[in-house]
Each structure stands twice: as structure tokens, then as C-alpha cells.
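Undergrad: This structure is in C-alpha cells; I'll ask about it shortly.
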Amino acid sequence: MNELIVKNGFVFDPLQGIKGDRMDIGIKDGKFVETSALGNPKVIDAAGKTVMAGGVDIHSHVVGPKVNVGRLFRPEDKLFKSPLKRGNRMEMGFSVPSTFKTGYDYARMGYVFVNEAAMPPLHSPHVHEEIRDTPIIDNAAMPVFGNNWFTLEYLKNNEIENNAAYTAWLLRATRGFAIKVVNPGGTEAWGWGLNCESIHDPVPYFDITPAKIVTGLIETNEHLGLPHSVHLHCNNLGNPGNYTDTLDSLKLAEGYTAKNNFGREQVLHITHIQFDSYGGDSWRTFESKAEEIMDYVNAHDNITVDIGQVTLDETTTMTADGPFEHSLRGLNNLKWANTDVELETAAGVVPYVYSPNIRVCTIQWAVGLELALFAKDPMRTFISTDHPNAGPFFRYPRVIKWLMSREARDTTMKTFKWLERTIDATSIDGIDRELTLYEIAQMTRAGPAKALGISNTYGGLVPGMDANVAIYALNPEDMPSDPEMIEKAFSQCAYLIKDGVVAVQNGEVVAEPAKRTVWVDVKVPDNAQVQRDIYEHFLRHYSVGVENYKLFDEHVHNPRAIEVDATQ
Amino acid sequence: MKTVTLTLAKSPELYIEGQNITPDQFAGKKAAEIASLDVWEGKLKGPLGNYFTVEGDGGATAGETKIVLRGDCTRVKRIGQQMTAGEIVVEGNADMYIGGWMKGGKIHVKGNVDSFCGIGMEGGELIIDGDAGHHLGSSPRGEWRGMQGGLIRVAGNAGNDTATFINGGTIIIGGDADIHISTHGEGGTVIVKGDAKGRVGGQMVKGNIYVYGTIENPLPGFKLVGEVEQEVDGETARFAHHIGDLGERHPVSKGKTVYANLYTRI
């Protein structure tokens, strides 16, 4: 019998609407229970501290081939930054840390679930091997669909049922979690040296528009009733004036409502929307359009977003948006890695230095914070840094500090070389809002868990759910006057309890409870057409046989399959 | 200035990782404390005193500390790594990474050194009386910000990949240099008083290279634009002036296109 009681903490659980009440939390055999069900539990004293559910990250590039390319081609990312063996395993790297450092650092921040943002289906074995080696945190991984030949062909012909059958097959073949879409059509066009810069640019050869890919995938997703929605990285990402394209993408969700049994309400998640909220017609006239974007998001309940906050660090960008990485390389003249993944996707990797001395970088910094601060519903706007694209994930505590403290924002802004021009191009200086701990809990655990369709297991403290608790040394009745203390408290949690086991104490990893791989197992009716298409494509076009392509059970570490029945 | 003398008493079976042998680490320490500083032989950590006899105490600051290494230090690496001030004299040879990432002060090696010496250097002086190995004054692997400043002077020959990604500072090689000089360079000056083998200034955007002898295989990306008279390392001479690397990008500064300069002595 493994029993714990977390006593006297200030509890924040948006899933139950608990706003800082002083409560006890009961844990038995890895699950939350009513405190009355406990016999003789071990006591964890949380008096004067903040108690939340374990954190849930909706979008982070932590495992898989492009992360590893980043590790391999940036040895300088490790130089003099890897001296310590703090956990059980050596920790290395900064913007692209080793798998072990990734797991430990997330745990130190009080996170328990991380959704890998892009899995190239062909390379899913590599993704799962790295998931196995990332300690403590539970992982899921989203295969990319937006440039997949099967998907493009089915959606061009409006074959939603066939596309749904293929999607279910691929989720099983790769042990994937959800439908990820990166620069729909544009990455395929990159194979021709082209791009799809708006949602109406047709894809070469396939002659389908990004708009049709996205709506087709939304229909597919709701036809299947998957836990998570379509997870979209927009067209024309990262370019001045792209906010109109983003609004076009957002409007694609109009008229669709979520159909699922997992409590999810959105049909479209736009990720790292900071990169999609730019005005101006050149880098010279570059400005924020965060307010326009959030006005739309606030008014439409079927959309969720994560911010993709720029943290002003030296980092490594990596995305399946091949053409974007190529244009980024042209901007900073640094090294560039690029790859094409057969029928499925592509990827690029470029180091990037977000400097407080560069106007575009400081405007990007302001855009991310504006998005979060303009949000009317923190259950639909989540904190992310698109790790490592806008900054490393272990800067989340710093992002929280900026969001919770106007003073912290002002202190950072004072370091900007182009402060006046940054203020002119954004509205950050006119925002006094400071988020509360409850809103932070919404943006970092309850909201993402609900949007991912896993709020029956993660993101809350409801009896029956996994016993994941993060305790931070912050007293909501006596918040520190120095905002740096907020960052410190969220960086080194007082306790992380994962599945009822104390994994972190005073910011140090003390145990490594078993981690899981979460995937979605969809049952669909037999579909002879799709089976034949898969056979044909593997015969004619793939470099591997279909039986070698599908993951073996041995690849999947400690799986937790979420069952979906789409046969009815 | 106080002097600490280290005499190698026991030669290591492998190599000593001596990144703690710097004026910064020795400053404010007595001889016995210096002898207890960590060094590594392979993966085994042990006190400096296991290998060296230590005489003399460190000065109050790095700038007031001089270190003299006696005995055969051919198997001692990383002497003076990341040092900011003070002085080191190596009476004989030393191994790799001598003066790597150094920011200030002076290192004088009276014998030869191996590869990676002066890499990622930001300031100070590294003087080598003998030959240097490969990657002299180069950037650490992967890094695009190479040597930023300071002076490296080698009396003898240098190996290949000298000054990769150099951004600033000066490297003077008294003898010959092997292939690859200032590859990807974006500043700084490299002077080769002997011959250069080839691939001199490949993908170089900015900066200067002087070769007094011959370049066995010059790159086609450099174009002869004229003759100039210049003072180099204290002596004036005439040089053929080439610009390049024409295959690279060319930034524009104050309305003028920037090229790297390659001067060969006439």
C-alpha cells in the first residue's frame, strides 16, 4: 500500500474550479483518492505552498530524428554546459538537451506529460527509442499528416472515410497520438523547391490547397472522434504580414464542432501562434498583430492556441516546415540541415540567436506575451516555447514570471537595444495585466490536458486520476515582491509526485518512477480500398517494406493506449 | 608577481587533463592547496600533487600569479585553458588545448605543442617557440564564432585547419602551414611567413591572410586585384593583393562590398 497525503497546501485545480483553497490531497497506489479512503499515509507538508496537478506540455520537440540532428550538429550547444551529473544519468546540452536532461528538467519544473510535436512516421522507431530514454515524464508523439501523399490524395477526392481509415492505420503503425499538420502542402511543395505561402496556394502535382487539407483533416479527426484535435502549424509561418494568412487558417474551423468522448471542445489547435501573428510588409515594418489574432481566438470557442514564447536565448530551430528553415538560413547565414522523408514530410534545423539587441527578436518576445495577456479564456491559450524553436522548455518558469509580473516585463524590456521601436510596434507597454496562479494552472496543466483529450487522467487532482502533483514554494497569500522568486519556485519545484511516487524534492530528482508512452488506438471498419492503397504505395514508392515500417511492440515503452471506437 | 613552479615528477600513463593549471585557479592558494587541485588521467580524478611537485604560492590575483612548468609535459593537456590573466611558462613541450578559450594573460611554450591550441581564444598572448599541431586558433567544433581576439605566435610550422571561423585577433606562423587557413573567416589576420599548402581562405567572407612563401594549390575563388605595400609584423614589404572567396556571400558595409584579402609577398 503506497499512501500519501499532501497537507494544507493552497490548491489550484481548474478542472474542479478550486482556486487556492487550503486542502488536503489523498493519494493511494498511484491514483488520487478521497482523504477519507486513506489508512496511515505518509504526510507531505505543503503548508504555505502552491499545489497544482503535474504540468502538461501540449507542444515540444523533445524526441526523434530532427531533435537528434540538432544534438549532432550543435556540439557547441554542450560545450562547458554539461558539467554535472545530478540525476541518475549524465545531463548534457542547452537548447537541444540529451534525453536524460530533458526528462529531469521537466520533472524539476513539475511537469509529467509532454506531447512530442512532430513525428515523421517513417522514423517513428527512433522517436519511440528516445521516448524510452527520456526519464520520468509520460510522452505522446503526433505523426505529421499535412504533406503525406495518402492524405493529399484522399482529401483531394473528398474521401474522408478512406482518409480516416488510413489515419487510424498510421496512428497504430507509428503508435501516434494525434493529427499534426505542419505547413500543409508547403513542405510537399518544398520537394519542388516551392512553398504554399497562403492557404489557397495549390500543392504542385497533387493540386490540392492547404485550406482543403486542413478542413479535410478536421473532418477526418471528428469522424474518428480522436482525443486531440487537428494540431496545426500554419502556412507562411515566421514572415512579416502573415497574420492575415493565420486568420484565414483560423476561419477554416468555422462551422465545425468537436465530436469525441474525451471532453475536448476545440476542433483546431494552432500551435506557436506567436510566429503567425506578425504585421508589416518587410522586416523593416515588422509589427505585432497579436490583438487581431486574439480577438478572433477569444470569439471562437472551437479553437485553442499555444503561444510559442520567444525567450531571448541562443537556441536551435527545428521544424518539418522545410522551406521556412531554408529562408531562416538565408537570414542568419548559419549552418543548416535539411532532409526529405520520402512520401511523408521534410525537416530543417538551423541555430538561431534571439538577441535583446535585435528589434525583430524583441518584437517577437512582446508578441508572445501579448497573446497570453490578451487571452480571455486561459483554458484555451497555453504556455509553450515551441521548444527549442522560440526558446528551451526550461524557460517556462521565466515565461510564467513575465506573465505574472509587469515589473519583470519592464526589467527585461530595459535591456532592449531598440526599446522605443519595440514599444511602437507592439502594445506590450500598454498591458498591465498580471496573470494569477489559477490562470497559470489553466495555461500549463488543466487547459492543455483538456485540449489533448486526456483530462480524465492528467492535468487535475480529481479522485481516480493519475496522482501527479507539483508543489511550488510560493505562498499565494504572501507572494514574493521579487519576481525572480516566482521563476525560481517554478524552476525547482518543492515536490513532484508522479504516479504517487515522490520524484523531485527541493528541485532535485530523487526517484525515477516508470514513464509511459501514450498513444491512440482507433478501431475503424475494414477498408479494402485503403489496405490496397497502402500495399501499392509501399510496393511502388517507399524504400522500406510495410512490415518493416510498422512499429514492433518491443519498440513501444510501457504503452498506455487510449481506445477509440470509430466503427459505429 | 609570485611564481609557482610545477615540476613533473611522475609521467602519466595516459594524458593529464590540466584545465586547473591556470593563474585563475592558483591565485590566492598556498602550494599545498595547489597540489590538491583536481586533474584527470583518463577518467580517473586525482590531485595535481600526484604528478607534480609544487613549489611557491600563488599571488593574490590571477594577474599576480606566474606558473612555470618543468619536466616533460608532452602528455599534459589544457594548460592555461580559459585563463584571464597572469603568466604561464612551459619550459619544454606541451600537449593539446594549451591556451584554449583564453581571455587574457600570456602563455609561453618553449617547445612544441599539439593540436587545438588557442582555440576559441578571446584575448591574451600565446607564444610557441617550436611547432604547433592542427586547429591552431580555430573554433571549437560546431562553433561558428571562432577566435575573437588576442595574439598567437608560432616560431615553427603549423598543421592544418588554422584559424577556422576566425573573427578577430592575429596568428603569426614563422614556418609553413598545412592546408585550410581561415576557412569561413569573418575577420582577424593570419600571417604565414613560410609556405602554405593550399585551400587558403576557403569560404572566407572577411579578414586578412598574408603568405610570404608560395601557396602550393591556390583556390580559384580568389582574384588578383593589384599590388600593395604594407607593414606586417614590424616590416614593410610589397604584396600581390587578392580578394575572395568569390564563391561566398559578400556583405556590404557603408556602401562598399566586403571581401576577404589574401596577400602574397612579391
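Only the coordinates and a few stated rules stand behind these numbers; no lab work does. Quick caveat, the model's predicted, so the values are computed rather than measured. Note: ideal-geometry Cβ built from the backbone for every residue, glycine included; neighbour counts use all protein chains shown.
Undergrad: If B:Lys103 satisfies every condition in (1) closer than 14 Å to B:Asn20 by Cα; (2) within 14 Å of another protein chain (Cβ to nearest Cβ); (3) within 15 Å of the chain's Cα centre (by Cα); (4) among the charged types (D, E, K, R) but one, which is the exception?
TA: Checking B:Lys103 against (1) closer than 14 Å to B:Asn20 by Cα; (2) within 14 Å of another protein chain (Cβ to nearest Cβ); (3) within 15 Å of the chain's Cα centre (by Cα); (4) among the charged types (D, E, K, R), the one that fails is (1).
Undergrad: Can you pull out the residues in the stretch A:265-309 that are crowded, with 24+ Cβ neighbours inside 10 Å and of a type in the set (Phe, Trp, Tyr)?
TA: Of everything in the stretch A:265-309, those that are crowded, with 24+ Cβ neighbours inside 10 Å and of a type in the set (Phe, Trp, Tyr) turn out to be A:Phe275, A:Tyr278.
Undergrad: Are there any pairs with C-beta distances below 6 angstrom linking a residue in the stretch B:212-223 that is under 15 Å from B:Asp245 (Cα atoms) to a residue that is exposed (fewer than 15 other Cβ atoms within 10 Å of the Cβ) and not aliphatic (A, V, I, L, M), with the two at least 6 apart or on different chains, and if so which?
TA: B:Gly221/B:Gly247
Undergrad: Take A:Phe374 and decide whether it is under 30 Å from A:Glu265 (Cα atoms) and more than 14 Å from chain B (Cβ to nearest Cβ). Spell out how you get there, then give the answer.
TA: Numbers: under 30 Å from A:Glu265 (Cα atoms): yes; more than 14 Å from chain B (Cβ to nearest Cβ): yes.
It is true that A:Phe374 is under 30 Å from A:Glu265 (Cα atoms) and more than 14 Å from chain B (Cβ to nearest Cβ).
Undergrad: Something else now. Residues in the stretch A:207-228 that are in a loop (DSSP other than H, G, I, E, B), touching a helix residue (DSSP H, G or I) at 6+ places or on another chain (Cβ under 6 Å) and either surrounded by fewer than 19 Cβ atoms within 10 Å (Cβ to Cβ) or in contact (Cβ under 8 Å) with a residue 60 or more places away in the chain (or both): how many? Before the answer, list the steps.
TA: Narrowing the stretch A:207-228 to residues in a loop (DSSP other than H, G, I, E, B): A:207-209, A:225-228.
Now drop any that are not touching a helix residue (DSSP H, G or I) at 6+ places or on another chain (Cβ under 6 Å), which leaves A:208, A:228.
Right, trim to either surrounded by fewer than 19 Cβ atoms within 10 Å (Cβ to Cβ) or in contact (Cβ under 8 Å) with a residue 60 or more places away in the chain (or both) and you get A:228.
So the answer is 1.
Undergrad: Considering each of A:Asp553, A:Asp478, A:Asp526, A:Asp466 in turn, give the residue that is surrounded by 14 or more Cβ atoms within 10 Å (Cβ to Cβ) and of a type outside the set (Phe, Trp, Tyr).
TA: Criteria check complete, one pass: A:Asp466.
Undergrad: Residues that are within 22 Å of the chain's Cα centre (by Cα) and small (Gly, Ala, Ser), at least 3 per element: which strands (runs of 3 or more DSSP E) completely within the stretch A:459-551 meet that?
TA: none
Undergrad: Could you figure out which of (1) part of a loop (DSSP other than H, G, I, E, B); (2) in contact with an Asp or Glu (Cβ under 7 Å, 6 or more places away or on another chain) isn't true of A:Thr187?
TA: Among (1) part of a loop (DSSP other than H, G, I, E, B); (2) in contact with an Asp or Glu (Cβ under 7 Å, 6 or more places away or on another chain), the lone unmet condition for A:Thr187 is (1).
Undergrad: Inspect the stretch B:135-143 for any residue being within 14 Å of another protein chain (Cβ to nearest Cβ), in contact (Cβ under 8 Å) with a residue 12 or more places away in the chain, within 25 Å of B:Val4 (Cα to Cα) and of a type outside the set (Val, Ile, Thr) and give the result as yes or no.
TA: No, every residue in the stretch B:135-143 fails to be within 14 Å of another protein chain (Cβ to nearest Cβ), in contact (Cβ under 8 Å) with a residue 12 or more places away in the chain, within 25 Å of B:Val4 (Cα to Cα) and of a type outside the set (Val, Ile, Thr).
Undergrad: In the list B:Gly46, B:Gly56, which residue meets the criterion of being out of contact with any Gly (no Cβ under 8 Å at 6 or more places or on another chain), more than 14 Å from chain A (Cβ to nearest Cβ), surrounded by fewer than 17 Cβ atoms within 10 Å (Cβ to Cβ) and of a type in the set (Gly, Ala, Ser)?
TA: B:Gly46
Undergrad: Another question, then. Which one of these does B:Val113 not meet: (1) under 20 Å from B:Pro23 (Cβ atoms); (2) touching a His at 6+ places or on another chain (Cβ under 8 Å)?
TA: (2)
Undergrad: Please count how many residues of the stretch B:18-43 are farther than 14 Å from B:Lys66 by Cβ, buried (at least 23 other Cβ atoms within 10 Å of the Cβ) and not β-branched (Val, Ile, Thr).
TA: Residues that pass the stated criteria total 1.
Undergrad: If I filter the stretch A:20-35 down to residues being among the basic types (Lys, Arg) and more than 20 Å from A:Ala494 (Cβ to Cβ), which single residue comes out as surrounded by the fewest Cβ atoms within 10 Å (Cβ to Cβ)?
TA: A:Lys31
Undergrad: Please verify whether B:Ile209 is in contact with a Leu (Cβ under 6 Å, 6 or more places away or on another chain) and either assigned to a strand (DSSP E or B) or touching a residue at least 40 places away in the same chain (Cβ under 8 Å) (or both), treating the condition exactly as stated. Walk me through how you get there before you give the answer.
TA: Details: in contact with a Leu (Cβ under 6 Å, 6 or more places away or on another chain): yes; either assigned to a strand (DSSP E or B) or touching a residue at least 40 places away in the same chain (Cβ under 8 Å) (or both): yes.
So B:Ile209 fits the description; yes.
Undergrad: Can you pull out every residue in the stretch A:290-310 that is without any contact (Cβ under 8 Å) to a residue 60 or more places away in the chain and within 15 Å of A:Asn242 (Cβ to Cβ)?
TA: Selection gives A:Glu292, A:Tyr296.
Undergrad: Same structure, new question: Of the numbered conditions (1) within 14 Å of chain B (Cβ to nearest Cβ); (2) under 19 Å from A:Glu439 (Cα atoms), A:Ser355 fails exactly one; give the number of that condition.
TA: In the conditions (1) within 14 Å of chain B (Cβ to nearest Cβ); (2) under 19 Å from A:Glu439 (Cα atoms), A:Ser355 misses (2) alone.
Undergrad: Taking the residues in the stretch A:332-352 that are outside any loop (DSSP other than H, G, I, E, B), touching a Ser or Thr at 6+ places or on another chain (Cβ under 8 Å) and of a type outside the set (A, V, I, L, M, F, W, C) as candidates, determine which candidate is nearest to the other protein chains (Cβ to nearest Cβ). Don't jump to the end; show me each part of the working.
TA: Of the stretch A:332-352, the ones outside any loop (DSSP other than H, G, I, E, B) are A:332, A:337-341, A:345-352.
Among the residues that remain, those that are also touching a Ser or Thr at 6+ places or on another chain (Cβ under 8 Å) are: A:345-352.
Checking the rest, the ones that are also of a type outside the set (A, V, I, L, M, F, W, C) come to A:345, A:348, A:351-352.
On the way: A:Thr345: 26, A:Gly348: 17, A:Pro351: 8, A:Tyr352: 12 Å.
Filtering first and then ranking leaves A:Pro351.
Undergrad: Within the stretch A:304-331, which residues are of a type in the set (Ser, Thr, Tyr) and either on the phi > 0 side of the Ramachandran plot or more than 14 Å from chain B (Cβ to nearest Cβ) (or both)?
TA: If we filter the stretch A:304-331 for residues that are of a type in the set (Ser, Thr, Tyr), which is where we start, we get A:304, A:311, A:315-317, A:319, A:327.
Hits for the stretch A:304-331 are A:Thr304, A:Thr311, A:Thr315, A:Thr317, A:Thr319, A:Ser327.
Undergrad: To continue, here is another question. Of A:Leu496, A:Leu419, A:Leu403, which residue is surrounded by 17 or more Cβ atoms within 10 Å (Cβ to Cβ), of a type outside the set (Val, Ile, Thr) and under 26 Å from A:Trp365 (Cα atoms)?
TA: Being surrounded by 17 or more Cβ atoms within 10 Å (Cβ to Cβ), of a type outside the set (Val, Ile, Thr) and under 26 Å from A:Trp365 (Cα atoms) holds for just one of A:Leu496, A:Leu419, A:Leu403, which is A:Leu403.
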